Amino acid sequence: QVQLVESGGGLVQPGGSLRLSCTASGRLFSGNTIDWYRQVPGKQRELVATITSGGSTNYADSVKGRFTISRDNAKNTVYLQMNSLKPEDTGVYYCHIPTWIQDYWGQGTQVTVPS
């Protein structure tokens with residue numbers, strides 16, 4: 001059984017920073033690609049950032065240059081450093097591990113950037 005637990009969300013003023021963490025339990029982690037998604041009410045879940053098992057990264061255009069995804073395999077943890085936050089970054093952020101058998105999701109952590 002794989003469980004993903006996100007933390008680090010909160011309320012931050014525009015221009016501020018937050019660091020999200022996602023810790024995985026179970027044997028799945030170091031060999032897997034891991035994503036961060038975000039969702040706002042009424043909209044589809046949006047892919048924000050991806051990191052492969054080899055450390056290659058990819059970002060949505062809307063967060064390039066402001067967000068950084070990283071991983072610490074020894075701690076089974078992936079991070080999302082979010083800088084220069086904007087009101088449009090508001091949403092619930094989810095950690096995600098896709099596998100051939102099934103997708104694993106965390107419970108989400110709320111990030112709020114007031115306008």
TODO: Give the calculated FRET efficiency between Trp100 and Ala60 to the nearest 0.05, with a Förster radius of 22 Å applied to their Cβ-Cβ distance.
DONE: 0.35
TODO: Between Gln13 and Thr112, with labels modelled 7 Å along Cα→Cβ, what's the label distance in nm to one decimal, could you check?
DONE: 1.7
Open item on the list: With every protein chain kept in place and ligands, DNA and RNA left out, what is the accessible area per residue of the chain? Probe 1.4 Å, answer in Å².
Closed with: 54
Open item on the list: Treating only the Cβ of Lys, Arg, Asp and Glu as charged (+1, +1, -1, -1), what charge dipole size does the chain show about its Cα centre? Round to the nearest 20 debye.
Closed with: 120
Open item on the list: Full-extension gain between Ser70 and Ser53, please, as 0.36 nm times their residue separation minus the C-alpha to C-alpha distance.
Closed with: 5.1 nm
Task: Fraction of accessible area attributable to carbon and sulfur, the chain (%, probe 1.4 Å) - done: 48
- [ ] Counting only C-alpha contacts under 8 Å and six or more residues apart, can you give the relative contact order of the chain as a whole percent?
- [x] 36
Task: For the stretch 43-51, 3J(HN,Hα) per residue [Karplus equation, 6.51 cos²θ - 1.76 cosθ + 1.60, θ = phi - 60°, Hz, x = Gly/Pro] - done: 10, 6, 5, 10, 6, 9, 7, 9, 9
- [ ] Could you tell me which trypsin sites (Lys or Arg not before Pro) in the stretch 55-115 are loop residues by DSSP with no more than 16 other beta carbons within 10 angstrom of their beta carbon?
- [x] Lys64, Arg66
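The values are calculated or read from the model by the stated rules, or taken from the named source; none is laboratory data. All figures in this text were calculated on a predicted structure; none of them were measured in a lab. Using ideal geometry, Cβ is built from the backbone for each residue, glycine included, and neighbour counts are taken over all protein chains shown. Accessible surface areas use protein heavy atoms only, side chains included; no ligands, DNA or RNA. Shrake-Rupley method; radii C 1.70, N 1.55, O 1.52, S 1.80 Å.
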